[in-house]
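Undergrad: The structure is given below, and queries will be raised subsequently.
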Amino acid sequence: MPEDEVVRAGQLLGRRVYDARGRKLGKVTDLITRLDADGQERTVAVLVSRGRRGRLLGYERSGQRGPWLLAWLAKVVHRGTREIPWSEVHWSR
C-alpha cells in the first residue's frame, strides 16, 4: 500500500504480511501509531502474530502489568507476536 494512502484499520487487521523476500510473517493483529509533526496519527508499525488472532489486551507490549495469570496466559497464547516497522511490511508475495 502506498505510504500516503488512507486506509481503515479494519482493512488491515487479519491481513497476511510478508517480508521483502516474500516469506510470510503472519497476520496483522494490531496497529501502532504515533503523532507526526502535524499532529496527525500515522501508522508506524504493525503487530504480527503467526498464531490465532484474538484480543491482545495490551499484554503483548513490554511493561504492561496486570493479574499475573492473565499476563501469563496472554504470553502463551500470543507467543511469536512481534512488531514490524511499517516500512518493512509487504502485503503480497
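FYI, it's all coordinate maths here, none of it is from the lab. Since the structure is predicted, the reported quantities are computational estimates derived from the model, not experimental observations.
Undergrad: May I ask for the percentage of alpha-carbon pairs in segment 1-40 that lie more than 14 Å from each other?
TA: That fraction is 61 percent.
Undergrad: In whole Hz, with x marking every Gly and Pro, tabulate ³J(HN,Hα) for segment 31-48 from phi via Karplus 6.51 cos²θ - 1.76 cosθ + 1.60, θ = phi - 60°.
TA: 10, 10, 10, 9, 6, 8, 4, 8, x, 8, 5, 10, 6, 10, 6, 10, 8, 10
Undergrad: Moving to a separate point now. Pull up all non-local amide H partners of THR33: gap of 5 or more, or a different chain, and H-to-H distance under 5 Å with H placed in the peptide plane.
TA: Correct list: VAL44.
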